[in-house]
Protein chains: 2
Amino acid sequence: MIEPGSTVKCAKVAFLGPAGTFSQAAVDKHFGANADKLSMASIDDVFLAVEKMQACYGVVPVENSTEGAVNYTQDCLMDTSLSIVAEVVIAIKHNFLLQNAAALSGIKRVVSHRQSLAQCRAWLKLNWPGILLQEVSSNAEAARLAAEDIHTAAIASEIAATNYGLFIHARNIQDRRDNSTRFLVLARNTIIPAGKAKTSILVYTENKPGALFRVLEPFEKYQVSLTKIETRPARDDMWAYVFFIDFEGSINEPAVKNVFLQLEDRAVKIRNLGSYPMASGQ
Amino acid sequence: MIEPGSTVKCAKVAFLGPAGTFSQAAVDKHFGANADKLSMASIDDVFLAVEKMQACYGVVPVENSTEGAVNYTQDCLMDTSLSIVAEVVIAIKHNFLLQNAAALSGIKRVVSHRQSLAQCRAWLKLNWPGILLQEVSSNAEAARLAAEDIHTAAIASEIAATNYGLFIHARNIQDRRDNSTRFLVLARNTIIPAGKAKTSILVYTENKPGALFRVLEPFEKYQVSLTKIETRPARDDMWAYVFFIDFEGSINEPAVKNVFLQLEDRAVKIRNLGSYPMASGQ
């Protein structure tokens, strides 16, 4: 029973599952490995879980993901009332997993998601020329199969190794070293961060030449730095464009307030998606 | 034997396989169903196949794909010497496939890619409440499984139905009707289109406030309409930003030539990815 006046710490976190994906790694990095996690089948479901209060937070990939089409995340952001309260950047590292060190000589096939197999091709060619490669629905599923069969190796994340009790025979086997995915943490309430912040907004404009230029003028005038800009076709036929804009500063700063005032005359609609601390390494 | 002076029509088209994906639908729409197709395991492989002359054209998803992370396409465009020669827009339509009409009463499970299952959830809930849903590595694989087992239904494209000789029991079962994916056609040579054209460029700038604004000024001055703009982190540490910009007009038009002249002073590097006819419906 919850005492009146007591603080209930809500911590259930919905994410794009299954367990062992990089989305789970993002949850663990931000909320800790003991976070109460709720695995969802799709990006839409993560939004729904938070909107319907089945979870307090949702974690979704928004850039460079191999797990889900991140344009889906943008489409969901257009429709939701949720706010962005944090961002998490995860380096995408693939590992070669088997049941134990002794199993190495008996490996007969390597399983993983098709994109992961493609991303580790140079390493596989060098170390396992001619081995049977089999595509499965996710890297987490690959780890599950390796945990079931001593002759199967999986390419998957470190977290998948932990989840399925697998031995990491080789780390960082992906051909490109600089691969990372950016995730957003969503919640029903806005939080204004105290330190160095970033803000994400959606700007809807009419389909006129120069529309984007007019949207950017206030940022130039008040010297607010853009960190990202992206156009998406609006789903509504009335407006031709939606701009996703990330910039430095929180909604409480005077320069940002001035930008918003000027944007109101230049856009059909503006939606503040939230201010949040800048992820480290940016 | 090829006669000296005869025209050799090169038509091999590399695409992101397996057969039966929406990428194959894009190939068939642009090159015809009889095109000589080469199925590749990853987006990088499609680029490589054209660069190494194993194929004359490559078809890759660039927007809103459920089949591959389209940021990969953008990263590949940064590194390649290939040009964009066309764009193809494909409506993403999911269908409920089985071996034949009589098999309907015996269906015991539905297989598909996890994203497709999620996208058809409302329809599945209404028409097949409680049915066993199983995730597989791709929709094409789902169709293959349905073709093997009379008790299995697949959610996949019309082209997968054709490839595997399956019966289409229900069409357009996805919850969202307005879903489409944009593909690019790549080749080793640039082609300047005769009619209404679009051009894609990459613009590298230094990490200074207002960098994007200065890049957009020439477009505003010469009234060249942007159709899309996207920022990507540059892989090279030296430049902070790469902008992917699509605009109306071909590189041969005077206004576009003026924009390019002015951009040269404002950007660290500009790369013309190609001019190509605008896809219908845009």
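The values are calculated or read from the model by the stated rules, or taken from the named source; none is laboratory data. For clarity, every value in this text was computed on a predicted model and none was experimentally measured. Positions of Cβ are backbone-derived with ideal geometry, glycine not excepted, and every protein chain shown enters the neighbour counts.
With the condition kept exactly as written, say whether any residue in segment B:63-81 is assigned to a strand (DSSP E or B), surrounded by fewer than 22 Cβ atoms within 10 Å (Cβ to Cβ) and either at pLDDT 95 or above or on the phi < 0 side of the Ramachandran plot (or both).
There is at least one residue in segment B:63-81 that is assigned to a strand (DSSP E or B), surrounded by fewer than 22 Cβ atoms within 10 Å (Cβ to Cβ) and either at pLDDT 95 or above or on the phi < 0 side of the Ramachandran plot (or both).
Given (1) within 14 Å of chain B (Cβ to nearest Cβ); (2) among the acidic types (Asp, Glu); (3) crowded, with 16+ Cβ neighbours inside 10 Å, where does A:GLU253 come up short, assuming only one miss?
Only one criterion in (1) within 14 Å of chain B (Cβ to nearest Cβ); (2) among the acidic types (Asp, Glu); (3) crowded, with 16+ Cβ neighbours inside 10 Å is unmet by A:GLU253, namely (1).
Which ones in segment A:90-143 are assigned to a loop (DSSP other than H, G, I, E, B) and more than 14 Å from every other protein chain (Cβ to nearest Cβ)?
Those that are assigned to a loop (DSSP other than H, G, I, E, B) and more than 14 Å from every other protein chain (Cβ to nearest Cβ): A:LYS93, A:GLN99, A:ASN100, A:ILE107, A:LYS108, A:TRP128, A:PRO129, A:GLY130, A:ILE131.
For the list (1) closer than 29 Å to A:HIS151 by Cβ; (2) of a type in the set (S, T, N, Q); (3) in contact (Cβ under 8 Å) with a residue 60 or more places away in the chain, I need the number of the one condition that A:SER105 fails.
Unmet condition: (3).
Going through B:ALA14, B:ALA35 one at a time, which residue ends up being in a loop (DSSP other than H, G, I, E, B), over 24 Å from B:ALA146 (Cα atoms) and at pLDDT 90 or above?
Criteria check complete, one pass: B:ALA35.
Identify the residue in segment A:145-181 that is without any contact (Cβ under 8 Å) to a residue 24 or more places away in the chain and within 14 Å of another protein chain (Cβ to nearest Cβ) and, among all such residues, is surrounded by the fewest Cβ atoms within 10 Å (Cβ to Cβ).
A:ARG177
Out of B:ILE191, B:ILE245, report the one residue that is in contact with a Lys or Arg (Cβ under 8 Å, 6 or more places away or on another chain) and either surrounded by fewer than 21 Cβ atoms within 10 Å (Cβ to Cβ) or more than 30 Å from B:ASN139 (Cα to Cα) (or both).
Just one listed residue meets the conditions, B:ILE245.
Take the residues of segment A:143-168 that are of a type in the set (Gly, Ala, Ser) and in contact with a Gly (Cβ under 9 Å, 6 or more places away or on another chain): which is nearest to A:MET40 (Cα to Cα)?
My answer is A:ALA160.
Here is a check on your reading of the model: is B:ASN189 at positive phi and either away from chain A (no Cβ under 14 Å) or in contact with a Ser or Thr (Cβ under 6 Å, 6 or more places away or on another chain) (or both)? Reasoning before the result, please.
Numbers: at positive phi: no; either away from chain A (no Cβ under 14 Å) or in contact with a Ser or Thr (Cβ under 6 Å, 6 or more places away or on another chain) (or both): yes.
No.
More than 14 Å from chain B (Cβ to nearest Cβ) and closer than 21 Å to A:ASN71 by Cβ, is that true of A:LEU184?
In short, yes.
In the list A:VAL60, A:VAL46, A:VAL50, which residue meets the criterion of being over 23 Å from A:ASP175 (Cα atoms), more than 15 Å from the chain's Cα centre (by Cα) and crowded, with 23+ Cβ neighbours inside 10 Å?
Details: A:VAL60 fails: more than 15 Å from the chain's Cα centre (by Cα); A:VAL46 fails: more than 15 Å from the chain's Cα centre (by Cα).
None of the others qualify; the one that does is A:VAL50.
Which fully enclosed strands (runs of 3 or more DSSP E) of segment A:180-282 have 3 or more residues being modelled with pLDDT under 85?
Hits in segment A:180-282: A:226-233.
Every residue, every condition in (1) modelled with pLDDT of 90 or more; (2) within 30 Å of A:ALA142 (Cα to Cα), yes or no:
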site	(1), (2)
B:GLN119	no, yes
B:ALA143	yes, yes
B:ALA154	yes, yes
B:ARG171	yes, no
